[in-house]
Ligand code: MN
């Protein structure tokens with residue numbers, strides 16, 4: 001797990017495997033909108049990295065380490081999506097696109113504080129609605145005004 005694109009692959013393989021019980025190179029290529037040749041090349045690279053087992057003509061599956069990594073990457077994506085959804089900063093599509101851009105900068109093991117916040121918001125909808133309604137005018141000191 002060293003490059004953003006490897007993370008995208010592992011996350012996509014996790015989703016495909018979760019939905020169908022298996023993943024094929026063609027499904028992976030469709031999902032990531034890349035050529036089957038590129039998908040196949042990355043599958044072999046992930047096999048070499050010990051994250052997938054790949055057998056020619058038989059497809060591929062996660063190693064235990066790959067499965068764990070895929071699960072964490074998918075969870076990270078979901079947590080960030082839930083967080084941005086609470087912030088109401090755009091449509092579901094906008095939010096998905098933003099998360100695709102930022103997720104790689106969050107260490108998978110360090111999103112638990114964001115998850116805590118998301119869960120807290122889920123449990124305190126009134127508190128959060130109050131936050132969203134607040135225009136911030138009370139807490140923002142006027143700019144350029146000397147005291
Ligand atoms: Mn993602």
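Read-outs throughout are calculated quantities, based only on the coordinates presented, and are distinct from any laboratory measurement. Values in this document were obtained by computation on a predicted structure and should not be read as measured data. A quick note on method: Cβ atoms are made from the backbone with ideal geometry, for glycine too, and the neighbour counts reach across all protein chains shown.
Taken as a whole, region 19-29 holds at least one residue that is in a helix (DSSP H, G or I) and within 16 Å of the ligand (Cβ to nearest atom).
Within region 73-95, the set of residues being within 14 Å of the ligand (Cβ to nearest atom) and in contact with a helix residue (DSSP H, G or I) (Cβ under 7 Å, 6 or more places away or on another chain) comprises 73, 74, 76, 77, 79, 80, 81, 82, 83, 84, 95. Inclusion of residue 119 among residues that are within 19 Å of the chain's Cα centre (by Cα) and part of a helix (DSSP H, G or I) is warranted. Taken as a whole, region 78-95 holds no residue that is outside any helix (DSSP H, G or I), free of Cβ contacts under 8 Å to residues at least 12 places away in the same chain and surrounded by 15 or more Cβ atoms within 10 Å (Cβ to Cβ).
Checking 51, 32, 16 one by one, the residue that is surrounded by 19 or more Cβ atoms within 10 Å (Cβ to Cβ) and touching a helix residue (DSSP H, G or I) at 6+ places or on another chain (Cβ under 8 Å) is 51 and no other.
Of all the numbered requirements in (1) surrounded by fewer than 10 Cβ atoms within 10 Å (Cβ to Cβ); (2) at negative phi; (3) more than 16 Å from the ligand (Cβ to nearest atom), residue 45 misses one, and that requirement is (1).
Name the single residue that is farthest from residue 132 (Cα to Cα) among those in region 96-111 being in a helix (DSSP H, G or I) and more than 14 Å from the ligand (Cβ to nearest atom). If we take residues in region 96-111 being in a helix (DSSP H, G or I) and more than 14 Å from the ligand (Cβ to nearest atom), then 109 is farthest from residue 132 (Cα to Cα).
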